[in-house]
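What follows is a set of notes on a single structure, which appears directly below.
Read-outs throughout are calculated quantities, based only on the coordinates presented, and are distinct from any laboratory measurement. Nothing here was measured: the structure is a model prediction, and the numbers come from that model. Please note: Cβ atoms are built from the backbone with ideal geometry, for glycine as well, and neighbour counts cover all protein chains shown.
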Amino acid sequence: MTAKIRNVGLVPLLLTAWFLVGCERTTRVKIKGGTSPVFVLSGSGELAIFTVYGPDYVTKAEKPFDENFAFWGIRPSGGYSAGTRVEELGSVTYGVVPPGYEQVKPQVGSPPPLTEGQRYFFDVDTTDAPGAAGFVEIRNSQALLTHGGGPCFGGKDGKWIRVPCTNP
């Protein structure tokens, strides 16, 4: 009887372990490098879109993820759902297109260099797990993860409008 009770107790433990292994892990970003930041990625998703926006995005964007202010962007060559797991990629360097991806912004040529002291918004869109976003700044020729508010938008009459940001 004791062996049966022990085995019954093992089933919930095994189910819990199986569930935790299969869980989505939110995408996380660490920054290293110099004037061309290296975005070190972790999480369980696949990279679908990666975009770095210029400093004017925060004050002049007219809609969320306004492509008019994108400095550099990549996506999987095979389409949105054909990305590589972020942990397999390991990192993405600004201006360097990883294997299996294509540059979509700018369509031709290299992206503009990042300027010392300016903040740049980045967005990491992933499939099968929550993505990540944040700000990077170049200080003393080093790329640093920084904090800051971006633009906030709401809808009115079927159009995007800028609204005051509220803190949760």
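Some points to look at:
- Percent of C-alpha pairs per 10 Å bin in the chain, short distances first: 10, 31, 30, 14, 7, 5, 2, 0.
- Sum of side-chain charges, Lys159 neighbourhood, beta-carbon under 12 Å (Lys, Arg +1; Asp, Glu -1): +1
- Sorted on the mean count of surrounding Cβ atoms within 10 Å across their residues, most packed first, peptides 42-53, 94-105 read 42-53, 94-105.
- Distance in nm between pseudo-label sites at Asp128 and Thr146 (7 Å out along the Cβ direction from Cα): 3.5
- Neighbourhood net charge (10 Å Cβ-Cβ; Lys/Arg +1, Asp/Glu -1) for Ala133: -2
- Dipole of the chain, positive end: most advanced residue of Gly100, Ile74, Gly33 [Cβ charges, Cα centre]: Gly33
- In terms of distances greater than 21 angstrom between alpha carbons, the cross-link table entries Lys32/Lys63; Lys30/Lys63; Lys30/Lys60; Lys60/Lys159; Lys105/Lys156 yield Lys32/Lys63; Lys30/Lys63; Lys30/Lys60; Lys105/Lys156.
- Helix axis angle, 2-21 relative to the chain longest principal axis, alpha carbon, degrees: 10
- Rough spin-label spacing in nm, given labels placed 7 Å along Cα→Cβ, for Arg139 and Thr26: 2.3
- Report note on the peptides 114-122, 77-85: ranked by the mean count of other C-beta atoms within 10 Å, highest first, their order is 114-122, 77-85.
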